[in-house]
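The values are calculated or read from the model by the stated rules, or taken from the named source; none is laboratory data. No experiment lies behind these values; they were computed from the predicted model shown. Positions of Cβ are generated from backbone atoms using ideal geometry, with glycine treated the same way; all protein chains shown enter the neighbour counts. With ligands, DNA and RNA removed, areas are computed over all heavy atoms of the protein, side chains included. Shrake-Rupley method; radii C 1.70, N 1.55, O 1.52, S 1.80 Å.
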Amino acid sequence: MSRVLVISEKPNAAKRIAQALDEKGQPHEIAVGSVTYYECTKDNDTILVTYALGHLYELRQTEGGWNYPRLETEWVPKYEVEKKAAKTRPLIALIKRLGRQVDRFVVATDYDIEGSLIGYLVLKYACEIDTAKAQRMVFSSLTKSDIVEAYESARPNLDFTMIESGCVRHKVDWLYGINLTRALTLSIRKSAGWFKIVSTGRVQGPILEFVALRDKEINLFVPTPFWNIAVQGIFEKHELSLEFSNGRIDNKEMAYALADEIRGKTPYVDAVREKSVVQSAPPPFNLSDLQTEAYRLFGFRPSKTLSVAQKLYLDALISYPRTSSQRLPPSLDINAILNGLQKIARLGPLVRRLLKQAQLTPTQGEKEDPAHPAIHPTGTQPTEELRPNERKIFDLVVHRFLASLGEAAVKKIVKADILCGERLFYVRGVKVLITGWMDFYGPFVLMKEKALPDLSKGDEIQLTSVKVDEKYTSPPSRYNPSSLLRLLERENLGTKATRSEIIDSLNSRGYTVGDRFELSALGYAIYETLKQYVPTVLSADMTRRLEEEMEEIQRGAGSRESVLSEAKANLLTLLGNFRSQEDTIGQALVKGLQRYWREEQDMGPCPNCEDGTLTLVYSPKSGKRFVGCSNYRNGTCSTTFPLPQKGKVLPLKKQCPYCGYRMIRVLSGRKAWETCINWAECTGRQDELKALEEKRTTKERTKPVEDEDI
Amino acid sequence: MTECPICFRQSMNGTELCEYHEEALTRLRAAFAEWEKALGVGWIDYLSLVYRTQELGLWVREIVAYLTSRSAASMLS
């Protein structure tokens, strides 16, 4: 009989593990002050299951002072470096105590770099044991069967290569993040005496450059005109759109001459080509595929998708989401999962249809991950009603899993050549002949059929209209959270677990605005300064090389010491270079910040006086904000406009199409909307105001009656 | 050291504009040939037409506004 301490990553995971391991499925939850642990019994062993709250230990510089360079670090309890992490203090004390009462240690954190490091640090610093003696549970879902199997076949050792890699990643990120942020911030303080934290990091620098380069291309874009000939016709009551074979026309006169030439002619079918295209079922999701699809379908930011998927994983509804794999192992019991899913009423008929298929072999994608399979449902039914966002992600994962088991779809693509005089046009159509897997992906299929009548050579088409459309070339699209995530993955920057968080940080630090990653004046200030004085910080090459070296460590091929010492040496050179130009860099940043603040306040010229500028003003009496003329103080102009009092107001560089006043964007919580500063009087916005008023009235009407009202 | 009259960034050596607005001016000039070929318009009409397009980049728009106001000012003086 032995006593075992199992360390999981989160409270919910600890509860599930304890329930799965306890012979009766009813572990004792023991509270010690504000924290708890579980005690269960299995095969005469007493198992204590505890949890971390993410990382319980963090890096701290060994040398004092808010300065740079600081290269030496030590692991310390998180509450010593983060005021908000006070909850970790009693937890560490509990784990220390439990560690003294057991004779075996098992790490059951998530099986990835972060999870392995979390478990290792707890064993090393809280339990103070020889980590070589600890065991490792490896599982990809929190179902009872997976947990029991992982416990019974626990690996005899921790995954030290993963731990080494995680440790180096933490240290390198700390070194670059802390030192570069301090260098930038202190240069501003030295130059202007302000203490304004300006941050950058190993991965954030290259992302900033990607976004800045795209933003520059958009800001420098000059469109050129072109013309399309839009020809409509009818054949046997079917309306047809004829597409000019030469595409766009670059000259206005030529376009109109061509349209004149076509009018009055009778187009006829010169040739019809048909081909069948087999479209295999899609592979099951890896994390970035799931994030991309959730953005396309629901507009979820990648970080939101990850957080919802993580919740579903902790509820044992889906497998571990932080995976690169698009493959399902042959050992996965697909029938058991389907049998579980068919008990969910809304999925039952679809699953039963799939079960009738002769073969249930999933389509396998190209990407692999040695740690975890592709994301798939576990077959467990939700015990309580899922929240709307959880249901969306759950259904998406389920439908994709079902689709991956479906048969190939077959489409018929038709392309007809239409001659109109000597000019060649095309009409195209798409028809799905065999729906296959599309039935199982259901509402999420991205496919539009385009019906065509049966066309044969010589058929004549009756022209109904010939128009010339003037168009302009478009600038490249701005990044969205999904396309930026894909870019980072392609460039091998960051990890699947960290990318979405880094993307969000661009917005939260004010470097970009909105979901379309428009670079702010602050973003430009940082980018321009780094580009001019320390371009290495923006270099994707340096970060990519470090990523590759860390992957080598994980594969057991690289040395932690050499990677760390090389990173430190490169950082020292970079910081030395920075220090020698600190004054100039500080001045450049100060100018950029001044421009940023000016642009944040500047609402354009005053419409009522000659030399005034409209700016954002806070009333010293009420603290309320409004737009006022800069000549208000000298008493020559009293122009003001009211502003919404909640949320952040950002002036936009465009005018209201109705009244010509400056447009603003209001960001309040998760909502963002655009209006003009003259919104209260603007004739074009009265409908908006009316709708808002109605919404308010409805809200008032439906508000529950509270005690005070009674 | 002079400042760009449009955005107050540092001007490039030998020009009154910063690197962004200088590049915007270069691109504006380069695109004129295509507009001329497409519509047969002159420089002034080109500026007016291109300014009305939604797709025009912000810095190019600022350059067009700057050129237009400068030419208006020179006509007044």
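Values computed for the structure shown
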{"read-out": "Between the range B:43-61 and the range A:548-619, the alpha-carbon center distance in angstrom", "value": "32"}
{"read-out": "Accessible area of residue A:227 in the full protein assembly, 1.4 Å probe (Å², nearest 10)", "value": "0"}
{"read-out": "Paramagnetic reach from residue A:636 in the range A:609-628 [backbone N under 18 Å; point 7 Å along Cα→Cβ]", "value": "A:609-615, A:628"}
{"read-out": "Cα lying deepest toward the dipole's positive end in the protein assembly as shown, options A:477, A:198, A:38, charges on Cβ", "value": "A:38"}
{"read-out": "The range A:287-404 - Debye-derived log10 I(q)/I(0), Cα point model, q = 0.18, 0.21 Å⁻¹", "value": "-0.94, -1.28"}
{"read-out": "Estimated translational D of the range A:46-177 in µm²/s (Stokes, Kirkwood radius over Cα pairs; 10 °C; 1.306 mPa s)", "value": "100"}
{"read-out": "Chain A - Rg over Rh from alpha carbon coordinates, Kirkwood radius", "value": "1.02"}
{"read-out": "Carbon/sulfur fraction of accessible area - the protein assembly as shown, other protein chains in place, 1.4 Å, %", "value": "49"}
{"read-out": "Given charges at beta-carbon only (K, R positive; D, E negative), |dipole| of the range A:326-434 in Debye", "value": "520"}
{"read-out": "Free-standing Cys, chain B [no other Cys Cβ under 4.7 Å]", "value": "B:7"}
{"read-out": "Relative packing of peptides A:372-379, A:394-401, A:192-199 - highest average C-beta neighbours within 10 Å first", "value": "A:372-379, A:394-401, A:192-199"}
{"read-out": "Rounded D (µm²/s) - the range A:117-243, Kirkwood Rh over Cα pairs, Stokes-Einstein at 37 °C, 0.692 mPa s", "value": "152"}
{"read-out": "Proximal lysine pairs, the range A:325-467, alpha carbons under 21 Å, eight or more residues apart or interchain", "value": "16"}
{"read-out": "Peptide ranges B:17-29, A:453-465, A:152-164 listed from the most packed, as the mean C-beta count within 10 angstrom indicates", "value": "B:17-29, A:152-164, A:453-465"}
{"read-out": "Other protein chain Cβ atoms within 10 Å, averaged over every residue that makes up A:473-484", "value": "1"}
{"read-out": "The range A:380-422-the range A:262-333 distance, computed between alpha-carbon centres (Å)", "value": "7"}
{"read-out": "Value of relative contact order over the range B:19-76, rounded to a whole percent, pairs C-alpha under 8 Å and six or more apart", "value": "41"}
{"read-out": "Of the GluC sites (Glu not before Pro) in the range A:589-625, those whose Cβ has at most 14 other Cβ within 10 Å and which sit in DSSP loop", "value": "A:610"}
{"read-out": "Sparsely packed trypsin sites (Lys or Arg not before Pro) within the range A:551-609, loop by DSSP, other Cβ within 10 Å at most 15", "value": "A:555"}
{"read-out": "Potential extension, residue A:448-residue A:248 segment - 0.36 nm per residue separation minus Cα distance", "value": "69.6 nm"}
{"read-out": "Cα-based Rg of the range A:605-702 normalised by 2.2 N^0.38 Å, two decimals", "value": "1.18"}
{"read-out": "Order of exposure, largest accessible area first, which applies to A:681, B:36, A:209 with probe 1.4 Å", "value": "A:681, B:36, A:209"}
{"read-out": "Spin-label proximity, residue A:145 to the range A:357-386 - amide N less than 14 Å from point 7 Å beyond Cα toward beta carbon", "value": "A:377-381"}
{"read-out": "Integer Hz, Karplus 6.51/-1.76/1.60 couplings in order for the range A:101-107, x for Gly and Pro", "value": "9, 10, 10, 9, 10, 10, 8"}
{"read-out": "Dipole moment magnitude, nearest 20 debye, chain A about Cα centre, only Lys, Arg, Asp, Glu C-beta charged", "value": "1200"}
{"read-out": "Vicinal HN-Hα couplings computed from phi for the range A:149-157 (Karplus, 6.51 cos²θ - 1.76 cosθ + 1.60; Hz; Gly/Pro x)", "value": "5, 5, 6, 5, 10, 4, 5, x, 9"}
{"read-out": "Normalised per residue, the volume of the convex hull around the Cα set of the range A:454-603 (Å³)", "value": "242"}
{"read-out": "Solvent-accessible heavy-atom area per residue, rounded to whole Å², over chain B at 1.4 Å", "value": "59"}
{"read-out": "Where GluC sites (Glu not before Pro) fall in DSSP loop in the range A:272-381, at most 11 other Cβ within 10 Å", "value": "A:366"}
{"read-out": "Other protein chain Cβ atoms within 10 Å, averaged over every residue that makes up B:56-64", "value": "5"}
{"read-out": "Residues losing 50 Å² or more accessible surface upon assembly, the range B:1-46, compared with the chain by itself, 1.4 Å", "value": "B:9, B:20, B:27, B:35, B:38, B:39"}
{"read-out": "Accessible area (Å², per residue) of chain A, counting only protein heavy atoms and a probe of 1.4 Å", "value": "49"}
{"read-out": "Options A:652, A:673, A:636, ranked by Cα towards positive dipole end of the range A:605-702, top entry (Cβ charges)", "value": "A:673"}
{"read-out": "Label-point separation in nm, residue A:72 to residue A:270, each point 7 Å along Cα→Cβ", "value": "8.1"}
{"read-out": "Charged-residue dipole, Cβ positions (Lys, Arg, Asp, Glu), the range A:3-158 about Cα centre, Debye nearest 20", "value": "400"}
{"read-out": "Farthest positive-ward along chain A dipole, Cα basis, beta-carbon charges - from A:604, A:402, A:550", "value": "A:604"}
{"read-out": "For the range A:402-532, diffusion coefficient by Stokes-Einstein and Kirkwood Rh (Cα), 37 °C, 0.692 mPa s, µm²/s", "value": "160"}
{"read-out": "Per-residue average of Cβ from other chains inside 10 Å of A:212-221", "value": "5"}
{"read-out": "Value of relative contact order over the range A:3-158, rounded to a whole percent, pairs C-alpha under 8 Å and six or more apart", "value": "25"}
{"read-out": "Length-normalised contact order for the range A:395-476 - Cα pairs under 8 Å, 6+ apart - percent", "value": "28"}
{"read-out": "Area hidden from solvent between B and A (accessible, protein heavy atoms only, 1.4 Å, total, Å²)", "value": "2100"}
{"read-out": "Computed E for residue A:391/residue A:619 - FRET, C-beta separation, R0 45 angstrom, nearest 0.05", "value": "0.50"}
{"read-out": "The range B:19-76: C-alpha pair distances exceeding 18 Å, %", "value": "31"}
{"read-out": "Amide H contacts of residue A:270 (H built 1.01 Å from N, under 5 Å, at least 5 apart or other chain)", "value": "A:417, A:418, A:419, A:458"}
